[in-house]
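Remarks on the structure that follows.
The values are calculated or read from the model by the stated rules, or taken from the named source; none is laboratory data. From a predicted model like this one, the values you see are computed outputs, not experimental measurements. Cβ coordinates were reconstructed from backbone atoms using ideal geometry, including for glycine residues, and neighbour counts include every protein chain displayed. Heavy atoms of the whole protein, side chains included, go into the accessibility calculation; ligands, DNA and RNA do not. Shrake-Rupley method; radii C 1.70, N 1.55, O 1.52, S 1.80 Å.
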Amino acid sequence: MTDSVLKSQINLSSEHPSIQKWMRFLVWKIAIATLLLMAVGSATRVMNAGLACPDWPLCYGQLVPTQQMNLQVFLEWFHRLDASLIGFSTIVLVGLSWWFRKELPKWLPWASVGALGLIVFQGVLGGLTVTQLLRFDIVTAHLGAALLFFGSLVVIAVCLTPYQATATAGKLRWSGLAAAILVYLQCLLGGLVGSRWALHQCFGGSQLCDVMNSHILGVFPATIATLTVVGMAWRTPALHPLLRKLSWGVGGIVILQVLLGVATFRLHLQVEPLTVAHHTVGAALFGTLVALTTLALRDRLSKAEEPVAVNSR
């Protein structure tokens with residue numbers, strides 16, 4: 001994809017800012033709900049409630065299983081409810097983006113359709129996690145699809161956000177992209193550790209230690225790449241204030257994530273809220289890196305639009 005095509009995709013419509021503002025508001029709301037959905041999903045797994053509702057998509061054949069309701073059933077039922085609301089909201093997003101397509105950036109309807117495709121795929125994987133009795137590969141893919149959907153929403157929202165580019169980001173877009181990919185892979189490894197209960201099995205019977213150790217070793221490249229982003233931002237004095245704030249946020253989140261990971265490991269996953277926080281902060285780190293990378297790319301494209309100086313004699 002050439003720079004001219006990318007510029008035409010990311011250029012914002014200024015003729016109807018109110019419509020664009022409401023669309024951006026909706027996308028951010030769906031993104032936040034998705035982050036909370038992943039937190040609830042993590043709590044469902046940690047509390048061993050993944051099969052608390054034995055059927056799908058209903059729970060004990062009911063929309064609201066009042067008679068069977070306990071903490072485990074509530075977590076699984078609420079997880080499905082939140083996922084349904086997010087799916088419905090995404091359908092609304094697609095409908096509005098096509099209805100107002102003349103007043104919005106041309107790329108938005110197609111990006112919304114792509115996001116809808118991801119959430120449909122995510123729903124299919126969610127059903128398979130129940131019908132296939134929490135098969136670890138499906139559970140891990142379920143997490144991976146959720147992160148991709150979350151990342152796509154962040155990209156859409158950031159592209160709809162007013163931003164006065166300064167063309168000072170330099171190679172920050174590449175370091176941000178590398179860090180986002182490494183953090184995404186690290187989240188998948190963490191999901192694999194959780195879905196296979198690798199930490200418990202390694203401590204209990206020295207089984208699946210290779211899975212657990214892969215996640216531990218994966219901390220280093222992901223953390224180094226993320227701190228590199230922070231360092232590059234610190235060494236760029238003219239960097240846009242929003243990019244600088246995002247880079248400081250990335251630095252703080254990655255330090256918190258490492259501390260949560262160490263505490264979770266030391267306590268052998270015995271403190272459920274701590275484990276859920278570790279998973280949720282990891283997803284938040286991925287989303288923040290995606291936002292930073294998207295803004296850095298917009299900075300690069302603004303530089304490409306600058307007129308080329310011609311020497312005259």
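Structural remarks
- Selection over segment 265-294 of residues that are over 15 Å from residue 39 (Cβ atoms) and among the polar types (S, T, N, Q) gives a count of 4.
- For residue 238: the one exception among (1) modelled with pLDDT under 95; (2) out of contact with any Gly (no Cβ under 9 Å at 6 or more places or on another chain); (3) assigned to a helix (DSSP H, G or I): (3)
- Residue 123 open to solvent by 20 Å² or more (accessible area, probe 1.4 Å) and without any contact (Cβ under 8 Å) to a residue 60 or more places away in the chain: yes
- Within segment 94-109, being outside any loop (DSSP other than H, G, I, E, B) and exposed (fewer than 14 other Cβ atoms within 10 Å of the Cβ) holds for 95, 99.
- Selection status of residue 82, open to solvent by 60 Å² or more (accessible area, probe 1.4 Å) and of a type in the set (Asp, Glu): no
- Test for residue 259: is it farther than 23 Å from residue 148 by Cα, at pLDDT 95 or above and out of contact with any Lys or Arg (no Cβ under 8 Å at 6 or more places or on another chain): yes
- Breaking point among (1) over 20 Å from residue 146 (Cβ atoms); (2) crowded, with 19+ Cβ neighbours inside 10 Å; (3) acidic (Asp, Glu), for residue 76: (1)
- Hits in segment 201-245 (condition: hydroxyl-bearing (Ser, Thr, Tyr), touching a residue at least 24 places away in the same chain (Cβ under 8 Å) and surrounded by fewer than 19 Cβ atoms within 10 Å (Cβ to Cβ)): 214, 228, 236
- Exactly one residue among 141, 169, 178, 145 is open to solvent by less than 20 Å² (accessible area, probe 1.4 Å) and assigned to a helix (DSSP H, G or I), and that residue is 145.
- Residue count for segment 183-200, restricted to those that are open to solvent by 60 Å² or more (accessible area, probe 1.4 Å) and either modelled with pLDDT of 95 or more or in a helix (DSSP H, G or I) (or both): 2.
- Scope segment 19-57; condition open to solvent by 70 Å² or more (accessible area, probe 1.4 Å) and on the phi < 0 side of the Ramachandran plot; matching residues: 21, 22, 25, 28, 29, 32, 36, 51, 54, 56, 57
- On inspection, residue 64 fails the criterion of being outside any loop (DSSP other than H, G, I, E, B) and touching a residue at least 12 places away in the same chain (Cβ under 8 Å).
- Residue 73 vs. criteria assigned to a loop (DSSP other than H, G, I, E, B), hydrophobic (A, V, I, L, M, F, W, C) and closer than 24 Å to residue 45 by Cβ: no
- Candidates 203, 220, filtered to the one that is out of contact with any Lys or Arg (no Cβ under 7 Å at 6 or more places or on another chain), among the aromatic types (Phe, Trp, Tyr), at pLDDT below 90 and not in a loop (DSSP other than H, G, I, E, B): 203
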